[in-house]
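The values are calculated or read from the model by the stated rules, or taken from the named source; none is laboratory data. Predicted model only: the values in this text are computed from it and were never measured. Glycine also receives a Cβ, built like all others from the backbone with ideal geometry; neighbour counts cover every protein chain displayed. Accessible surface areas use protein heavy atoms only, side chains included; no ligands, DNA or RNA. Shrake-Rupley method; radii C 1.70, N 1.55, O 1.52, S 1.80 Å.
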Amino acid sequence: MWTYNSVFYQIYPIGFCGAPVHNDGVTVPRIRKIMEWSDYLKDLGVDSILLNPIFDSDNHGYDTRDYKLVDRRLGTNDDFREFTKLCHENGIKVVVDGVFNHTGREFFAFKDIQEKKWDSPYKDWYKGVNFDWQSPLGDPFGYEAWQGHFELPCLNLYNQQVKDYLFDVIRFWVDEFDIDGIRLDCANILDFNFMKEMRTKTASMKPDFWLMGEVIHGDYSRWVNPEMLHSVTNYELHKSIYSGFNDHNFFEIAHNVRRLEAIGRQLYTFLDNHDEDRIASKLKVKEHLYPVYTCLMTLPGIPSIYYGSEFGIEGKKEQGSDASLRPHLELSDYADAMTDNPLTALIAKLGSIHQAQKALCYGEYKELLLTNRQYAFARCYENEDVITAVNNDEQSTTLHIPYQGPKTQFKGALSGKDYMVQNGSIEITLDACGGDILI
């Protein structure tokens, strides 16, 4: 699967492009703004983009109006077609958000029920439709809503007509825009049979089509298997990374990696996203950003950078609002980041290292050294051994990393230093809040 040696860049387009929060119905080709970033993304080592919802919606993108129309605030279908074409010409894959658990209230099937009530042919398209009570929003019927938000009525994914409609939507996006995959919103509560059917249907549409689900808790292997999804969001590793650094406890990270080892390489790994506080706001020690990204790019998984975090920007949820997590960015404000921002430069280097080393994409994980404040592990694949060593202490340290592999000499990809294997170990000095990748 192409994703295993990819580096993703996640974008929430409505915020990124500076679109109005509420859909005003005015068509503006803001999606073209992302095209301006194509050269920058290549320099960053990115070869895949994940776009959060771009279906036409009422407000935040997850309240879909029309599944076959690009959100007017972002442009037309032709604008998006040109966008995906440019991405593919630049070697960048495009994955979009599939919001299939619920719709907005302006979706045609819901409006038909509002108008025709029990005579609507779509009354079974939604969960829990009951004409014996009214919804809190004044509808002449009740229904099941996502987490009690009645602006988000839940689709009935046990209804074959609903499933066939959504599969047709996916085929439309593949045929019209040649998208490369879908992130399934709320995959943790989607019907398993629905996802199994989707796997079969999409494989026939495009053999290397990627299905990734949003799953926070649970046994990830229930979703990631040959019958269902290729990947899910690795929230466990996300939590253990920032917590492990904040508590100076690498044992938490290492335990999580070992627990998920069987499917770890397939999981979508991240430090922050459109629903989570920025990693720069979560870390108690800002200098930890450097070893944190080194871990992201070298531990098992498919790494993803959330737009703007490579510049070290901060953002926290405020009074339940995600607005500060989804800001409008202008590339001109960060034109010199590759040379002037050490974090951006490091992430770009890490991206190129990740893509160049097959061991970091496919390699077996081997723990070599573990203390509360220092951590070293190898990724081994065929004739490649790549060793990562990181230090979360606020002072430099010298380590002797045990190594029993076939290699006798390594080069520090970040430091440029030469390392020799002597008496079954490698001596390495790490800067405070630093790290190195030995190739």
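Structural remarks
- Long-range HN-HN contacts of TYR126 with modeled amide H, under 5 Å: ASN156
- Largest mean-square fluctuation among VAL390, VAL285, VAL95, in a Gaussian network model of the chain whose springs join Cα atoms under 10 Å apart, belongs to VAL285.
- Separation in nanometres of the label points that stand 7 Å from Cα toward Cβ, at ASP333 and GLU318: 1.3
- 5 angstrom amide H check on SER425, placed H, neighbours 5+ away: TYR403
- The chain, relative contact order [Cα under 8 Å, separation at least 6], %: 13
- Between helix 289-298 and the chain there is an angle of about 80 degrees, using the helix long axis and the longest principal axis of the Cα atoms.
- For segment 346-362, backbone nitrogen atoms closer than 11 Å to the point 7 Å from GLU382 Cα along Cα-to-C-beta are found at 358-359.
- For the chain, the longest principal axis of the C-alpha atoms and the axis of helix 77-89 are separated by about 20°.
- By the rule of a C-alpha distance below 18 Å, with chain neighbours fewer than 8 residues away ignored, the lysines paired with LYS117 are LYS127.
- Carbon/sulfur fraction of accessible area - the chain, other protein chains in place, 1.4 Å, %: 47
- Compactness of segment 129-218, expressed as Rg and Dmax over alpha-carbon positions, Å: 15.5, 47
- Proximal lysines relative to LYS123, as straight alpha-carbon distance under 27 Å, when same-chain residues fewer than 8 apart are discounted: LYS68, LYS111, LYS163, LYS196, LYS201
- Taking all protein chains together and rolling a 1.4 Å probe, GLU394 ends up with roughly 100 Å² accessible.
- Relative contact order for segment 271-332, counting Cα pairs under 8 Å that sit 6 or more residues apart, in percent: 45
- Rounded to the nearest whole angstrom, the semi-axes of the ellipsoid equivalent to the chain, taken from the Cα gyration tensor as √(5λ), stand at 42, 22, 20, largest first.
- Spin-label proximity, ASP164 to segment 62-99 - amide N less than 20 Å from point 7 Å beyond Cα toward beta carbon: 67-68
- For the chain, calculated [θ]222 nm from helices alone, where every DSSP H run of n ≥ 4 adds -39500 (n - 2.57): -8500 deg cm²/dmol
- If the convex hull is drawn through the Cα atoms of segment 270-335, its volume per residue in Å³: 97
- For segment 180-286, the relative contact order works out to 23 percent when only alpha carbon pairs closer than 8 Å and six or more residues apart are counted.
- At q = 0.13 Å⁻¹ the log10 of I(q)/I(0) for segment 214-361 amounts to -0.61, computed by Debye summation with a single uniform scatterer per C-alpha, solvent ignored.
- P(r), alpha carbons of segment 356-439 - 10 Å bins starting at zero, rounded %: 19, 55, 25, 1
- Sequence-distant lysines (8 or more away, or on other chains) whose Cα lies within less than 22 Å of LYS407: LYS358, LYS366, LYS417
- Helix axis angle, 160-177 relative to the chain longest principal axis, alpha carbon, degrees: 60
- Under 5 Å, built H, 5+ apart or other chain: amide partners of ILE305: PHE8, TYR9, GLN10
- Counting only DSSP beta bridges whose two residues both lie in the chain, roughly 60 percent are antiparallel.
- Summed over all non-identical Cα pairs, the Kirkwood treatment of segment 1-112 gives a radius of 14.5 Å.
- Dividing the convex hull volume of the alpha carbon atoms of segment 297-344 by its residue count gives 107 Å³ per residue.
- Mean accessible surface per residue for the chain, computed with a 1.4 Å probe while every protein chain stays in place, in Å²: 39
- When Rg and the Kirkwood radius Rh are both evaluated on Cα atoms of segment 56-97, their ratio Rg/Rh stands at 1.03.
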